[in-house]
Structure formats: C-alpha cells, structure tokens
Amino acid sequence: MPARSDISSVLIIGSGPIVIGQACEFDYSGTQAVQALKEEGYRVILVNPNPATVMTTPGIADAIYMEPLTVQYVEQIIVQEHPDAILTTMGGQTGLNVTIALQRAGILQRHGVEVIGASIASIELAEDRRRFKELVTSLGLDSAKSVTVKSIQEAQAFKRLVGLPLVLRPSYTLGGFGGGLVFEESDFEPMMRAALAASPEREVLVEESLLGWKELELEVMRDRHDNAIIVCSIENVDPMGVHTGDSITVAPIQTLTDTEYQRMRMAAIGILRAVGVDCGGSNVQFALHPDDGRMVVIEMNPRVSRSSALASKATGFPIARCSAKLAIGYTLDEVLNEITGATASSFEPVLDYCAVKVPRFEMEKFPMPSKALGTQMRSVGEALALGRTFIEALNKAFRSNERSMEGLVPLEQVKGYTESDIEEILASAHPLRICAAFSVLYREGSEAIGRICDITHYDRWFVHQLYRQVELEKQLCAHPHGQVPGTELLLKAKRFGMSNVRIGELVALPTKMIEDACEKSEIRPVVHHVDTCAGEFDARTPYCYMTYGEADEANPVSGDSVVIVASGPNRVGQGLEFDTCCTLASLAYRSIGRTTIMVNSNPETVSTDFTISDRLYLEPLTSEHIRQIVEREKASAVVLQLGGQTPLSMLDALHDAGVSMVGTSYESMKIADDRGSFSRLMEELGLAQSANRTAFARTEVLALAKEIGFPVLLRPSHVLGGRNMEIVYDEVQLATYLDGTVLVSDDSPLLVDHFLEDAFEYDLDALSDGESIYIGGILQHIEAAGIHSGDSAAVFPPYASKPEILEQMRKAAFSIAMALQIKGFMNIQFAVQNDTLYIIEVNPRASRTIPFISKMSQVDLVGAAVRIWEGTSLFEQGLVVHPGALGEGSCKYGWAVKEAVFSFDRFVDIDPQLGPEMRSTGEVVGIGATFGEAYAKSQIAGGNQLPIRGRVCVSVNKKDRKTIAPIVRQLQELGFEVAATRGTARDLFDSGIVCETVLKTDEGHPNIIDHMNSGRIDLLVNTPMGKRARRGDENLRSAAMHQKIPYTTTTSAAAAAVEAIRYLRSQVVQVVAL
Amino acid sequence: MWLSDRMQQNFHAECNKMLQKVSGGCRVYDTTLVFADGTCYKGIGFGRKAPTLEQLLAGGFAQMPLGEIVFNTTMGAYHEIITDPSYAGQSIVMTASQVGNYGVDPDWNEMLGEHPFCTALILRDLYEGPVPNGRRTLGDACVEWNICGLTDVDTRAITLHIRSFGSQYAVAVGEVSLSEPDIARVIAWIARCPTMLERDFISGCSVVEPVVFSPAVEQKARFLLWDFGTKHSIVKELLARGIEVTVVPANRQIRDFLTGTGSYDALFLSNGPGDPASLDTIVHQLQGVLDFLPILGICLGHQLAARALGGTTEKMLYGHHGPNHPVRDLHTQNVYVTAQNHGYCVDAATLPASSTLWLVNDNDQSVEGFYDAERKVMTVQFHPEAAPGPWEARKLFDVFIDFALEQSLPAAAMEASDASKK
C-alpha cells in the first residue's frame, strides 16, 4: 500500500524536557520520524520546548515550535498550521498525554486533525490497568493475580489461592504509603490490618508477587495488514522487582527455551492486535517464573520508548523510522531494511553478538535511602556495549558507563567495600549488585553460584559467565607479577572485554606495558558490522563494533576521516545538548565533504543513528578504544570539544599517543584546565577572579579559607556538574564538609574559592579562529549566584545588565580567546558583584548552552566551529566584519528564557534544594516578544504554573528590601494579597505597603511553612538570608517544591515573575515558528 | 589470518586448560575444521572426539565427521535444530554466539528416534555451566549423541565464507595445526567422498516399521505420513487437529498402503535431508499415486511433490536456515515470518500450468509454496510446524487439512481459519 495521499502535513509532539524515565531517546525517535515523513514529501510540524534537542534544529522539520506542551499552546499551533494529522507515538508519555488532552478537549475533531500512529482508543486501552488486564485474560494469557479486598478474611481467601509472598497496595494512598510485601505468614495479618487502616476507603489491592521472576521485553512492529515482527528480544539480568530501566539487560534473550520464547512472541503480537496497534511499534513486557515457566504479561506501551531506542541500537533496526512509515500507510514489507539494503523490514533481525545495557545512576546526587532500586525508575542514563559474548559486552558496558570502573570488578578491590557490605549489596537491589556477585565468586569460587542465584534470582547462566571471568582473572593474578602475560592469556583477556588498565592491575604492570605487549603480539581489535542478519546477507552497514581474535570485516572508511568523540551515557550535567553538538558537527563535516566517524556508547541518542555519520562505532568512550579506532581508521584527527567533559578526560592519553586533535592546542587546553596557570593568565590579562586557592590536603583547607575569607565555595577539581560542591559560611560548616566523603589529595585537590554572594552570573559562548572572535550570545542567570549555572534559569539577551559590564565581558572574552589561541569553542562564566566583573571559569569546549544559543540567534555555532576547523576563518564565514574583529549574535525572537527542569519527584526523601551542585536533568525554553512572555512560557513548559491571582509571601534579606518594594507594589496592583515575614513586612510598611505578617519557621506556629501547607500561599519570594537563616531557607524551598508553589530566590527573578504574571493575565496565547 | 598459527595454537591450549577446569571432566581437544576449498578454522573440540589426521585419511566418509557446512541464524533453540533429521550429513554453524545456555531436554527432540543425524556442531561460545534441574548440558549431550562439537570458533567468519562461496563439505580433524601438505591431503580425501547428491540419507532417518499415532482429541481424518526424516512437530501439529498419523518408512512402497485395508484421507510428505534430485525412486512412486488422494508436503516433501508434477529443483548457494524468513502469501499479500531449513528449492517456471504459485520468499522471491487444485497437491517449502521458530504459520496446517478434506483453496481456507479465531 503506498503512502497516504489524503494527508499532506503532520504534527509531531516531542517529549519536552529530559526527566528521569524520559530522556534523549525521544529526540532520537522524533528526529527519525521527522526525517522519515519529510522524505515521503509530507510537511512536518514539530513542537518541543526542549532547546537541547536535535529535532528542534532549524532545517530538521518544516516548521518548528518551541512552545509549552499544553493544550492551549498546541491548539494555537494547530490553528496556525492546519496539520492534517498528528503522530502520537514519538513523544513518550508526554506526547501521548498531550494528544489525549487535545482529543478530550475536542480540539482535534474541531480542527479536523486525524490521529495517526496509535489511536486514542488503543492508547487508553493500554494505559488503563484494569481494562488491559481484562484484555490479557480474554486472550487466554495471564496477568499477575490480584484482588481488591475490604477485609482480612477476603485477603486470606486470596492468599490460600496464590500463597505468599503477596504485595499489598492500599487504595487511594500516595506513593504506596501503608503497603508492602508480605513474605512471612506471621506478618500477614498485622500488615493487612495496617494496610486497610492506611486506606481512606479501607480498601487494599492484594496482588501476587512476581519478585524474582525473569523479566523480559519484546519490541514488536505491526502493520495494517496484520503483519507483525519482533524487532528485538531483551532479557533483564536483574529479575522482576527492579524497574527495567534500572536493570542490566541483554539482547537477545539468553535463557529461554524456544517454546518459552515463541509463546511470548505470539502473546506479544496477539496483544498488539487486541489493543489495536496496527501501524507502529510497541513494547510488551513479560515476567516468567524461572522454574515452572508460567508467563505473566506485565504491560505494554503502544509507542516508541526507551526500550525501542535500545532495541534499535542493539539490532540496527530503526524502529521509530519504520513506525513513522507505517503510520502513513506503508506495510512492513514495503519498508526496506536500510541496513541490508536488500531485504524487507518484514523479517526479524537476528544477532550474532550480545548487546548489554548498563544503567547509569547518580547515587551522589539522588541518594537512595535504602540504596535499593525498586519499581520506579531512578537511573538517569544508560550505556550499551556490543560484544561477541555476553561477558565481553558486559565488561565494555561497565566501562562505557563512565563510573571509573574498568569493567566487572570485585567491589573490595575498587570501592573499598567490606565483606559484609558486599553481602548486603548482594541481598538488595543495589546498582552494584552484579559486582557484589562477582566479588563473592572471587572469594568463594564456583561453589557460590547456587547461593548467589538463590539470593539474587539471577539466572545461573549469567552467574556462570561472571564465574568464567573470575577464573580468568585468577589466572592473570597467578601469573608472575611484573611479567607480561603470554600472548594466549592476553588475547583471552581481551576477548573477555577486559581493558588494558584492568589487565595491568591484575598483573601489576603499568597500562603502557600491556598496550605494548598487545602491539608486539599483534593483538589488535577487529571490526564487525551490525547487520541485522547475523551475516546472512552482504550488508554494507556503517554501524560497527570491535572485538578480538576474529576476522576483520571493515577497511578504513576513508583515508582522511575525522573522529567525533561523543558524550556517553546521559547524566546530570552532561546530556542531550552535547549529543546535539556531536550530531550537528557530523552533519556539518559531511556537508563540506569530510568523512566522519562517530563514537558513542549511549543508545538513546541521535548521534548513534547510523545515518548521521559515515561510520558509527558503538564503543566505550575511553582512551584505549578511541586510540584504537583512530589507528584502525587511519583518521586524521579527533574532535574532543563537543562531547562535554568525557572527551576531555582523555586529552592527555590521546595526546601522549600522538593522536592529532582538532582545534585549540593541547597546551592551551591544559592552561584552561590548570588553576595555577589559568590564574596567572588572568592576572596577565588584567582580569579579576574571586580569590582562590587549591588545597592538596584536608588540613590545609581551613587556613586557605580563612586567608581568602568566608563564605567560600569548595569543590573537588575535575568534576562535572559540580559534584560535592558546596558553599560554606564558617568553620563549623567547613568541618562538616570535610568530614563527608570528599577526597583531598595531591591527585584530587580541593578548590577553595571566595564565594561572591549576591552576584549575578553570566554565561558567554564564543567561537574563535585564533584571530577573530564571534560571541554567540551572553546569557544572564536569573537565579542568584551559588546556584549551578545548569540549574539556573537564564535569559538571552541579558535583561538587567549595564552595557559597560557587557562590554567588559566581550573584551575579556576576546583577550582570553587570543591568549589561548582558541580554535573553536570557548565558554566563559562570569560573575558580577557590585559592578565588578569576575571570571569564574573558562571551558575551551562547547557548553551545554550551544544548541540553545544557536537556535535563538539563528547562527549554527556548531557548523561555524566545524568550518573554522576546516580552515574557513570567522571573517570568511561572514561572522565578523574584518579579521581580528569581534562579532556577536543576538536573540532573533525577542526574548528567550531557558529554565531548568528537575526530577525530584522520583525521590521521596530528597531535599530539592538548589546549590552549586547541578541537579537538573533537563531544560526548556520560553520564547516571547516580551521578557514576561518568555519567562511565563518557560515556567509553563517546565511544569511550573505561575499564579495569576492569590497571595504572595515575601521574605527577603535587608539588602533586597528596597528593591523588592516596587515589585510587591506591582503584585498588589495586579490584585495579589501580600504576606511577609516580620522584618520584610516592616520595611514594606515603610515603603507604604501594608501586608499580613507571618512567622518565620523558627518563630513558632502557624509559620510560613504552615501557611504554605494549608494552601494559603500561591507565590513565594525568598532571597538568601545569609548563613544564620540558611536552614530555614532550605525548608522553605523544600516546602514550596513539594507543594508545587512557584518561588523565586532573587529580586530579579521576582521582577521577572511579575512581568510573567502580567503577561499571563493578558490571556494572550501566541506561538512563533523558528 | 592475522594471528600466526603458533599463537592460535597457544591460545587454544590455554583455553583448553580453562575449559577443562570449568567443564568438570568433559573431554576437550583442539580441533580444526577443514573445508573442501582448503579454508581452515580452529576451535576447541567437545562431544565426539574428532579423528586425527591419520585416522581420517584411513577412514571411510561415513564414519568421519564430514558434513555439508550450513549456518543457522536462529537465536537459542539449538536443541530443536540439532535434532532435526533434515540436517543428516550436514554440519551446523550456529551464528548466535552463546549456545547451550539452558541445557538440553529430550522433550524437545525433533527426531522420532534416539539420536540426531547432523555430524558436527560449530559454535562461538559453548555454555558448560550449571543447567536447570532435570536437564543436561549440551556438551554432555553431544558426547552421547556422538556429535563432533567445536567451540571458540570464529563462526561469523565461517558464515561470511559460506555466504560468499556457498555450502560445501568440511571435516573436523583433531589436530592443532595442519601443514599445507596436510591440508592438501584432507582436501583430496574430501574430494574422494561421494557428493551430497550421491548419498542416501533418508533411509537412515526414517522409521524402520510403520508407526501409528492417534490423536488425543476427536479424530477427524487419517493421514499417511511418508517419513524421509520427519520432525516430530509435524506429527504433533496433525495430531492436535484430530488427524491420526501413520508414519511410513521411506523405503516402503507407498502404493501398498493405499491399496491395502483402511483408507487414508491424504498423503503427507515429510521434510528430510539431502538433495531431492537423488530421490527419483520416490518421485516415480509419487507419480503413481498422484490423483489417488490429496498430497501434502513440507520442505523435502514439497520438493518431491514438485518433481512428481514435472517440476525441477535446484541447489541454492547456501540455502535458507533460520527463524526469520519473510514469506508472502500471493493471495492475501500477507507476510509471515517463518522458520526455514533448506538448501534446495523448486524452480517456479517448471511447475505445470495446473499448479498455482501460492507463497514466495520476500527476500529472494524463491518458491515457498504452491497448490494444484486439479492434482490435489498442496505443499510448502518452509516449516509451518516451527520448532524452532515462529508459530504464526502453524495455521497452515488448518489450510492443509481443509484442502485435503474439503478441497478448500488457500485464501478461503485462511479466511475461515482467521474467522474461527475471532
């Protein structure tokens, strides 16, 4: 069936900001869908307020709107664009929710927009737990047995039927409060009683526990002809009980018999048919009892998902692309498999390798109370690795995860855990559990396999694979220390996916000697193609991985390629924006005829779409792998400026290996990186830095802090996103900080800076060719200094800055760029305190704001950088008026506000306080003709609804009282009631504003937090009160966050909020296409 | 090869030591797989011990692990593949890298007898760890089955080689490294062996005496199943549909069964090993019973039926052996994902005018099924019984039965089958 000709334009809804559980996989799927539809000649309209995405890059879709994903704004877009259809399946849960809301509001019908991809009915059926369960039963399949009871007797009857353990879920309570898992007979009655008591309706859902069952997923595609294929099967190493997003997984399924697998396959297809998915992909999850093989259907997602991105990268089959084609009328057999270029998509991919995913956690940023994982996803990213064997892929995936683990390692060796720690980790669903199992096998040998299986419910096959590595490592350890292992043993270790570093550790030799030994013995990695067909067809694919000891399949892709090192798994501080830079760089290079090679380990990304570069390597981002790729491909240079901190971490190793780097010289990079030499440079250039010192031992810190004066900002060097970064105001706080986990040594010094309180911060992103400089833009942070730049709202252009100061910034940027001979990107962070400009830091690489500034200024900064690297000067590019000049971009859409988005709601016990340590997971943009509109939209897009009426509560420090008065007056004029804490209220009264006085948190009850909890406060203005009130401030913010009360921490942000409220009260909804 | 022989040798010696420790007494030894074209691949032996060079050169082909090399792209499902009698005379390369993961279980046997018929099994990574209770390891099973196994082999390189140069004989030799003259001697030895065309496989794979299987459900018809090495699953699928199945040895005169007591509703031609061009005696017998009763068939049975109708078959470069082949129903335009295992195919142009081309392979357009309403023949090339592989084409058994009993033609029959499901 050909593509539909009755529709000509399609609206695609993106997934908005990155939050835990919804990450850059939707940029990948959305971008694929846009491209797939455009090549069929459809006009594609895209909405996504996430500025970091590839999909919102001009040129990707025909019309791009970066507007809030709310019914109001999307309707306005529909009015403006008249799309014929809306594709529902590409924007994750957010995209589905928006579509359903549009449908329920009658907007789609009113404007004649047809839903394609997955029908509203099928989405609702899949999402409604009860109806879905009924459907599963009607297909003769099993779901978890459950019953809703109102008494212990009823529960007991159910228990007799299914036995223990049982899950108790009291109805109508938040976050599973009052429920739990019953393992013991003696616990049943008391827990049941508690559960009934916890429910306001005295009602409890009692469900059989599937804990410890095997967990499996199938990625299914189905078309309107009822043709269906399984693209990929995925087995979770971690059994049921750990969210699949938090589990280590392997594709294909390893431990099921053919009968078990085929039964699951038919069930999955049957479910798609019954739910009504007939032009797209879905993911179906199953649990399988490890002993009796009973199969239970867990859930299905009638859309592309995180797993489908994973499946696409694990198999090479582009699910989103194919889904988009099915949505517009094609059938599977009509969609060509682009990998083989010869076969139809109506065949099922087969793998002759293993694809292992290891999730990436931010345990430091989002501490887990019990350190245990559960049914809610908590990982922020993931790494995928391919290897011929499971163990090879697993070791590579651990390296890819960039958590300083060289692969599978015994915990006592690397993390200093004790035997009892390890036993505890083994018994809990801890992110490091598999390493605990490995540790136990190290200690106890194969005897422990059974015990480990019993405790962890890992399949014995997985545990045995770990054991094989234990055996190998023992062989290496037994090898005479200080001697290079023989060729055979070395090759075997490499075939197990072990790094040179790890082999070196085991035989007590420097890594370099292992490298040399491999070279001498001609142990070199070989390249295999990912071909979807296990070698059956001659597939000329650009998608590769490396392994050892087999035939090499690929010649260098060209004699003159450039390798782009991407940014690895998503994490706080390094996410989608860097992937966008890498993707755009590859496209830019190719557009001027250069061959590109992309290296990345993050399966969620656009950069790992094999159409983006001339060759794609899914490999760990470590110097060993990058060096090998450069050597094998005879690449002429490596780009390290685009992938965030990850590529820069291998700067020295690659430099030592003689690898040529694109852009700014190694020496300049080192100057920017080294505090001493950087400070000297700033001094030479006459630029001010806040007083700063470096401590190499714990004992030095206090003296240094006193020397430069409190408050001080403490941070370990070489960290991204400000981990362990803290502002301390006095000796006591300093002592507390040093008692924590922070390490201070020669190798990891602690940076001690004087903290510029009450300063404004700025971000400046620039390009230089060493002669001229082009400033992409200057962003002003709206939040107070001390909040990490990634967590602060920022506005482009700066909205409340003196022109002289901005001019000073430009001059500073110019002189730094010239001094460091920057070739390519440079990001400078400034602080302005009392009209004095301070340099906070300079990063000689693309920053996270590059995609945002590029879009808002309509200048493709990544493309410009690539052209600089290829020898076209800024002057030749027309970005500066003459060589040696300074050019600057401007915001082309009036005002643009970038707001940070957090995932705190995933963590019940977390304090949502913002500080110098970055904790946001994503960002949104608000664009407006006025600052108020831009700010208002950024808040809406970030899920933060500013009130247009109600009561504002003001509590600001002395310095701010003068500034705040006119702001409060405006709010009063807008009809807000005003409450204030005592001091603020008095000063407001002096300015002629009468308001209600509320107690501070330490002044008794009812205090400000009580008022917030009772819903009396709709907006909070709270500026930092200095050290004494710090704790109180934090409590206020926590309360605001939990009650979802908008709050601002600076007077400037309060002023911004007022402008936004003014805009919101105007009730104008306008949208603008980029 | 980028590794010197010496290094490979040491490497395998090392691996051997490891594996010996791990596998707890299972015997392992260095083994080389020598192709008819002289290409060699090294691996670690398991299961039946490969002959030494001297033993090989002194021995007859039937006693040696000589097989036509084919690769199968199924992931998992190794037990059903190994025990499929169609692999008689063949050595199987599993392209999936991890094999043996969940052990073996006699319940999954596809052969009706005790032993599989393939000669060698070539793997990238054999699992020798603990398996679920009641199952055995694949390594142990291969010892009992007398199958010559090789693991730690670059199976992908072999696959690419077969893909380029076609299937050919290869023999496993229990030697670490073979010199050029040694290899030349092995090549010469292989060259002296009879070709696949010249060999008889089906008598060895077939039952010795007729066997009757009665359905557990209400019986609605009686089929003769002419056994050239049938898969047990074919029998099971028929039984599940109320068909009593009489399995007839390959070397019996089929006409005797039709003229004797009792009547049969259809003759079902089983799958089986070898080249259909070598089975003219069977084809002649078939020509004798055409029009007596409906004839159904799968795989080799399909090829024999085509030949009986005057069609020809040809050898494919490397055949279809996998779980993922798209087969298009030319009537409905639906595409099934099917399990396949064949090295020969029917030439569509040679089918008589009375025959209707029904199913084709969507990758290479080869014939996957036809029916002949006049001559009452309906056969498919692939394996609707699956085991291993996708189950969706199992409904073709309903189509077969309706065709045999009601003379329904496929499109109508399929619709009926779909309707009954709804």
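For chain A, the 222 nm mean residue ellipticity estimated from helices alone, with every DSSP H stretch of n ≥ 4 adding -39500 (n - 2.57) and the total spread over all residues, rounds to -11000 deg cm²/dmol.
Would you mind putting B:210-221, A:603-614, A:189-200 in packing order, based on average other-beta-carbon counts within 10 Å, highest first? Don't skip to the end; give the middle numbers.
Working: B:210-221: 12.7, A:603-614: 25.7, A:189-200: 17.0.
So the order, starting with the most tightly packed, is A:603-614, A:189-200, B:210-221.
Hey, what angle do you get for helix B:5-23 against the long axis of chain B, alpha-carbon based, 0 to 90 degrees rounded to 10? Computed tilt is about 70 degrees. Given their separation in residues at 0.36 nm each and the Cα-Cα distance between them, B:V208 and B:L258 gain 16.1 nm when the chain is fully extended. In degrees from 0 to 90, rounded to the nearest 10, what is the angle of the helix B:180-192 Cα long axis to the longest principal axis of chain B? Roughly 20 degrees between the two axes. Distance between the 7 Å Cα→Cβ label points at A:S873 and A:S665: 1.9 nm. Looking at chain A alone, DSSP beta bridges between its own residues are antiparallel in about 70 percent of cases. Take each residue of peptide A:472-478, count the partner chain Cβ atoms within 10 Å of its Cβ, and average: the result is 1. When both bridge partners sit in segment A:9-116, DSSP labels roughly 5% of those beta bridges antiparallel. Here the calculated FRET efficiency for A:M363 and A:V414, from their Cβ-Cβ distance with R0 = 25 Å, stands at 0.95, rounded to the nearest 0.05. Peptides B:36-48, A:704-716, A:78-90 ranked from most to least packed by the mean count of surrounding Cβ atoms within 10 Å: A:78-90, B:36-48, A:704-716.
Multiplying the residue separation of A:A885 and A:T736 by 0.36 nm and subtracting their alpha-carbon distance yields 48.7 nm. Rounded, prolate or oblate: which one fits segment A:214-349, using the alpha carbon gyration tensor with axes a ≥ b ≥ c (rounded when a/c is under 1.5, else prolate when a/b beats b/c, else oblate)? Prolate. Kirkwood analysis of the Cα pair distances in the protein assembly as shown returns a hydrodynamic radius of 34.8 Å. In terms of the Cα gyration tensor, with a ≥ b ≥ c the square roots of its eigenvalues, is segment A:946-1065 rounded because a/c is under 1.5, prolate because a/b exceeds b/c, or oblate? Note, shape of segment A:946-1065 comes out rounded.
Per residue, the Cα convex hull of segment A:360-523 amounts to 123 Å³.
The angle separating the long axis of helix B:410-421 from the principal Cα axis of greatest extent in chain B is about 80 degrees.
Please give the net charge around A:Q103, taking every other residue with its beta carbon less than 14 angstrom from that of A:Q103, where Lys and Arg add +1 and Asp and Glu add -1.
Values: positive: A:R104, A:R110; negative: A:E75, A:E114, A:E124, A:E127.
Net charge in that neighbourhood comes out at -2.
May I ask you to derive the FRET efficiency for A:I592 and B:K236 from their Cβ-Cβ distance with R0 = 56 Å, giving the value to the nearest 0.05? Walk me through the numbers before you get to the answer.
On the way: r = 63 Å, r/R0 = 1.12.
With R0 = 56 Å, the Cβ-Cβ based efficiency is 0.35.
The label-point distance for A:N834 and A:R540, in a model that sets each label 7 Å from Cα toward Cβ, rounds to 6.9 nm. Segment A:416-466 and segment B:180-243 have Cα centres separated by 46 Å. Over all other residues within a Cβ to Cβ distance under 13 Å of A:K811, the charged ones net out to -2, with Lys and Arg as +1 and Asp and Glu as -1.
For chain B, what is one quarter of the convex hull surface built on the Cα atoms, given in nm²? One quarter of the hull surface, i.e. the mean projection, equals 20.6 nm². Each label was represented as a point 7 Å from its Cα along the Cα-to-Cβ direction; for A:I152 and A:E471 these points are 5.3 nm apart.
How many partner chain Cβ atoms sit within 10 Å of a residue's Cβ in peptide A:255-268, on average, as a whole number? Could you put the intermediate results ahead of the total?
Working: counts 8, 5, 14, 16, 8, 2, 7, 12, 1, 0, 6, 4, 0, 0.
Mean shielding count: 6.
What does the extension gain come out to for A:K145 and A:Q1067, with contour length at 0.36 nm per residue minus their alpha carbon separation? Provide the component values of the computation, followed by the final result.
Details: separation 922, 0.36 × 922 = 331.92 nm, distance 4.95 nm.
Length difference between fully extended and current span is 327.0 nm.
Once you order the gyration tensor axes a ≥ b ≥ c over the Cα atoms, which shape class does segment A:9-116 get: rounded for a/c under 1.5, otherwise prolate or oblate by comparing a/b with b/c? Because a/c hits 1.5 or more and a/b fails to exceed b/c, segment A:9-116 counts as oblate.
Counting Cβ atoms of other protein chains within 10 Å of each residue's Cβ and taking the mean over peptide B:335-343 gives 3.
What order, most packed first, do the peptides A:649-662, B:94-107 have when packing is the mean number of other Cβ atoms within 10 Å of each residue? Walk me through the numbers before you get to the answer.
On the way: A:649-662: 17.0, B:94-107: 22.4.
Order by mean packing, descending: B:94-107, A:649-662.
Using a cut-off of 12 Å between beta-carbons, work out the net charge of the residues near A:T137 (Lys and Arg +1, Asp and Glu -1, A:T137 not included). Net of charged neighbours comes to +2.
Since every read-out is calculated from the coordinates, none of them should be taken as a lab result. Keep in mind that this is a model prediction, so the values were computed, not measured. Note that each Cβ is placed from the backbone with ideal geometry, even for glycine, and that neighbours are counted across all protein chains shown.
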